[in-house]
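Accompanying notes for the structure given below.
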Amino acid sequence: MLNRIWIAFVLVGFAAAVVQTAQGDLDLFSRLLGGLFDTAKTGFDIALGLTGVMSLWLGIMKIGERGGLIPLFGRLVAPFFRRIFPEIPPGHPAAGSIVMNASANLLGLDNAATPLGLKAMRELQELNPQKDTASNPMIMFLVLNTAGITLIPTSVIAIRQSMAVQQGIAGFNAADIFLPTLLSTFVSFTAGLVAVAAWQRINLLSAPVLACFGGFAALMGGLYAWLAPLPPAQMAQLIGLLGSGIVVSIIALFVGVAALRGVDVYESFVDGAKEGFGVAVQIVPYLIAMLAAISIFRTSGCMDYLVGAIRNAVLALGLDADFVPALPVGLMKTLSGSGARGLMVDVMRTYGVDSFQGRLAAIIQGSTETTFYVLAVYFGSVNITRTRYAVACGLIADFVGLIGAIVIGYLFYHGA
């Protein structure tokens, strides 16, 4: 599937470039070539930047593993994990790594989530009987990662606050999108879970799964009740404190418990950090391959054609098309996180950060994931070439999540 999508991006983008060149855009192929060189450099820079972060977090995880806390986390969520990851043996370290990755995603900490996810994928590969083919647990983990729930869209809030200052909007609450974003990610997560469970014939109507969903609903309600009444500045400050404070506390907990149990903490960190460099280097070719195809598709204008067709279809059906300007953010997010971020900023600049379109773009940016990037990086880190139905389930989660974000945006902000 990934092979077909890659070929389609390149050939469709090339065909569109040929047509536009014939129509008089003589600089398009120069832009395509420049984009390819830029994305090759970008892919290497991403992997290089990831090396330090990978080393840090794999070192911390090694401390937690030898100190016994990672296995403990795995046991705490074992009832839920046994239902959705039935092929992971009880007590396997992959369960703890998956929990840590999910926790980082919940807090919107991408720098922590990626290395933890790569560690989980390497541990799942140990259980995989066919090393070039994605296993069922790998697919479930990857889809839930691409559709992961985000409690706090930290970077989106920071961008909105900065743009509000530029636009001279006084008393602007940049964090007011956290509940709609939370609901949107929950829709995407549920869609991804149901899609993979249906494919793998996993029964989700069990007490642990239902308890997890009920607990999350209670968490959403409690978080909203706590943060909603606060002034914008205080809310933003507490959100930042919550995210960074939890992560630093976990690091201190790992180090403290390992030290009490007589673990050589420094050597454990170094042993884990050594793995980071190898993983970061290994993903370079996979990452550059995906970014190059995406660059051709985007630079050739195919994304603009797609959005224009959707707008015409919406108008032909007599529906409200106010959401269409924000739609490219969701379409681009499956391909490129930085590209989607740029489109979000463009929507906010054009329509205003406090407009319906601006808010909707922020919700979409904060509640969707770079599916093809995650596929390339996670599967590339363990040399998986046969992805089976992972792409299909990931795109189902993306599509349902995008529709959910649009509906939630209308419910919260349209006409306000």
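The values are calculated or read from the model by the stated rules, or taken from the named source; none is laboratory data. Being a predicted model, the structure only gives us computed values, none of them experimental. All Cβ positions, glycine included, derive from the backbone under ideal geometry; neighbour counts span all protein chains shown. Each accessible area value is taken on the protein alone, full model and side chains, heavy atoms only, with ligands, DNA and RNA left out. Shrake-Rupley method; radii C 1.70, N 1.55, O 1.52, S 1.80 Å.
What to note about this one:
- Cα gyration tensor shape of the range 1-84, rounded if a/c is under 1.5, else prolate or oblate by comparing a/b with b/c: oblate
- For the range 17-24, putting each phi into the Karplus relation 6.51 cos²θ - 1.76 cosθ + 1.60 with θ = phi - 60° gives couplings of 5, 4, 4, 5, 5, 5, 8, x Hz, in residue order, rounded to whole numbers and with x for Gly and Pro.
- Mean Cβ neighbour count within 10 Å, used as a protection proxy, ranking 267-277, 55-65, 25-35 highest first: 55-65, 267-277, 25-35
- Ordering of 198-209, 345-356 by burial proxy (mean other Cβ atoms within 10 Å per residue, highest first): 345-356, 198-209
- Taken one residue at a time, the phi angles of the range 28-38 give Karplus couplings (6.51, -1.76, 1.60, θ = phi - 60°) of 4, 5, 5, 5, 4, 5, x, x, 5, 5, 5 Hz. Gly and Pro are set to x.
- Annotation: aspartates and glutamates with alpha-carbon distance below 16 angstrom to residue 119 (same-chain offsets under eight excluded): 65, 110, 271, 275.
- Per residue, the convex hull spanned by the alpha carbons of the chain comes to 150 Å³.
- Electrostatic bookkeeping for residue 410 treats Lys and Arg as +1 and Asp and Glu as -1; over the other residues with beta carbon under 15 Å from its beta carbon, the sum is -1.
- Net charge contributed by nearby residues that have their C-beta within less than 12 Å of residue 58 (K/R +1, D/E -1): 0
- Over the chain, accessible surface divided per residue gives 43 Å², non-protein components excluded, 1.4 Å probe.
- Computed over neighbours whose Cβ is under 11 Å from that of residue 176, the net charge equals +1, Lys and Arg +1, Asp and Glu -1.
- Distance from the range 384-414 to the range 273-313 (C-alpha centre basis), Å: 17 Å
- Under Karplus coefficients 6.51, -1.76 and 1.60, residue-wise ³J(HN,Hα) of the range 348-358 in Hz, glycine/proline x: 5, 6, 6, 9, x, 5, 9, 7, 4, 5, x
- Cα centroid of the range 173-208 to Cα centroid of the range 357-380, whole Å: 15 Å
- Given charges at Cβ of Lys, Arg, Asp, Glu: the chain dipole, positive-most of 344, 331, 260: 260
- Counting protein heavy atoms only, the chain has 66 percent of its accessible area on carbon and sulfur, 1.4 angstrom probe.
- Helical contribution to [θ] at 222 nm, DSSP H n ≥ 4, -39,500 (n - 2.57), averaged over the chain, rounded to 500: -25500 deg cm²/dmol
- Cα gyration tensor shape for the range 286-372, rounded if a/c is under 1.5, else prolate or oblate: oblate
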